[in-house]
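Here's the structure we're looking at; comments come further down.
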2 protein chains.
Amino acid sequence: MMPLKSKAPTPEAVREPLHFYFDFISPYGYFASLRIDELANRHARTVQWHPMLLGVSVMKVMGLKPLLDTPLKGPYTLRDVQRYARLHGIHLGRDFAAPPTHPRTMARAFCWAAKHHPMASIALAKALLHAYWVFGTDLSAPESLDGIALPAAIRADELIEAVQGEEAARLLRAEVRSSLAAGIFGSPTIVVDGEAFWGIDKFSEIDHWLATGGW
Amino acid sequence: MMPLKSKAPTPEAVREPLHFYFDFISPYGYFASLRIDELANRHARTVQWHPMLLGVSVMKVMGLKPLLDTPLKGPYTLRDVQRYARLHGIHLGRDFAAPPTHPRTMARAFCWAAKHHPMASIALAKALLHAYWVFGTDLSAPESLDGIALPAAIRADELIEAVQGEEAARLLRAEVRSSLAAGIFGSPTIVVDGEAFWGIDKFSEIDHWLATGGW
């Protein structure tokens, strides 16, 4: 006879999710999106995805120039992004030096889906990131969402309508406010039990933090 | 009978040194100074040390605020520096949130020593960093150099005179110009065979680059 399982939550069940902050137009955010599940799974964690807007945190709040427009750092970043992609076998079909024409479309789509199709919203985020970064799809026009492979639960026509509506814009504003209130400024930032780690290069430190419970 | 050795240089002998750019007042630069020898030794490389001035690269050339004065990023950096120090068992005797009063003294001392006492200049850099970061010694006044443990080859009185002289200032200006010409903007930056890696978090990537010859 199998022993009865206790109803008390296991330690795994009460663990906080990892909070993954990223901007859809950040190549480092995209790179992190490809590794965050594996990192979380290894430590029996889930992941909560939070779109942010570098245009707000970096430019408005921090008063900085866009990264690629910054002397010295811009050219370095271009090189570093390509170097990272080569090392990890990531095909970048997008010229990431070209400014995105409507950077909020993807973030609004995600926020709307997180409310109305929560089980499909991360799959949507991954589909958007893949279309944008691997295929180089121009997602500036809402109609362009019709051309990408969406999760089954989400219809292209409702998504196209949603990203143009006030609700999606409002949900994104709330996400952005909450990321700023949490002190988040860069993409990716991963928050583990209240501890923030900024940058794609922090994955091994986060892994160590999760394994040890911090130091 | 032993075979005669070829006079052709071995691969090791012709390998470029690692170029290590750092600002004495950068905690991440200090952290890197503690690991750069081990990294280089593992790959049979030497290290050439290059002081740089964040006050020039970040503020004048890039047009950015000092890191700790930047909203969101400032508080994050304070926390990240302390977290790194704890993880690596580094005692920081300095309140690194307080602005250094004369940040160029150490860099000038190094540049002067690199010319006049080249065999002792890296030992001097390490002595200065240790005094500044571990003991929290205020090195704003040239006379304060008298209180620190200097390499045997370098007399305190000649160093104190040197850092106030035009030659040390000129040598530092040349180093700063050359770091900017090389595209260096942050501390630490490590250049491996022409490839620049910025940030203390890049050590494992540099290690991989050195082991594989790049990708």
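The values are calculated or read from the model by the stated rules, or taken from the named source; none is laboratory data. This structure is a prediction, so every number in the text was calculated from the model and none was measured. When we count neighbours, we look across all protein chains shown, and the Cβ atoms used for this are built from the backbone with ideal geometry, even at glycine. The accessibility values were calculated without ligands, DNA or RNA, using every heavy atom of the protein model including side chains. Shrake-Rupley method; radii C 1.70, N 1.55, O 1.52, S 1.80 Å.
A few points about this structure:
- Leading residue by the ranking (least open to solvent (accessible area, probe 1.4 Å)) among those in the range B:59-73 that are more than 9 Å from chain A (Cβ to nearest Cβ) and under 28 Å from A:I206 (Cβ atoms): B:P66
- Screening the range B:136-214 for helices (runs of 4 or more DSSP H) wholly inside it with 3 or more residues that are within 18 Å of B:S57 (Cβ to Cβ) and away from every other protein chain (no Cβ under 13 Å) returns the ranges B:166-181.
- Those residues of the range B:144-170 which are touching a residue at least 60 places away in the same chain (Cβ under 8 Å) and crowded, with 21+ Cβ neighbours inside 10 Å, in sequence order: B:A168
- Just one of the numbered conditions (1) crowded, with 18+ Cβ neighbours inside 10 Å; (2) at pLDDT below 95 is not true of A:A107: (2).
- When restricted to residues that are open to solvent by 70 Å² or more (accessible area, probe 1.4 Å) and either within 17 Å of B:W198 (Cβ to Cβ) or of a type in the set (G, A, S) (or both), the range A:197-214 contains 3.
- Out of A:R45, A:R86, A:R94, sole residue that is assigned to a helix (DSSP H, G or I) and of a type in the set (K, R): A:R86
- Residue match in the range B:17-29 (condition: assigned to a helix (DSSP H, G or I), surrounded by fewer than 21 Cβ atoms within 10 Å (Cβ to Cβ) and under 18 Å from the mean Cα position of the chain (by Cα)): no
- Pairing residues of the range A:63-76 that are under 18 Å from B:V56 (Cβ atoms) with residues that are among the small types (G, A, S), at Cβ distances under 6 Å and at least 6 apart in sequence or on separate chains, gives A:L72/B:G183.
- Subset tally (residues that are in contact with a Ser or Thr (Cβ under 8 Å, 6 or more places away or on another chain) and on the phi > 0 side of the Ramachandran plot) for the range A:107-150: 0
- Test result for A:S178, among the hydroxyl-bearing types (S, T, Y), open to solvent by 10 Å² or more (accessible area, probe 1.4 Å) and out of contact with any strand residue (DSSP E or B) (no Cβ under 9 Å at 6 or more places or on another chain): no
- Residue list for the range B:29-56, restricted to those being within 12 Å of chain A (Cβ to nearest Cβ) and in contact with a helix residue (DSSP H, G or I) (Cβ under 6 Å, 6 or more places away or on another chain): B:M52, B:V56
- Residues (within 7 Å of another protein chain (Cβ to nearest Cβ) and surrounded by 15 or more Cβ atoms within 10 Å (Cβ to Cβ)) located in the range A:74-86: A:P75, A:Y76
- Residue in the range B:89-103 that is within 17 Å of B:A32 (Cα to Cα), loosely packed, with under 14 Cβ neighbours inside 10 Å, modelled with pLDDT of 95 or more and within 14 Å of chain A (Cβ to nearest Cβ) present: yes
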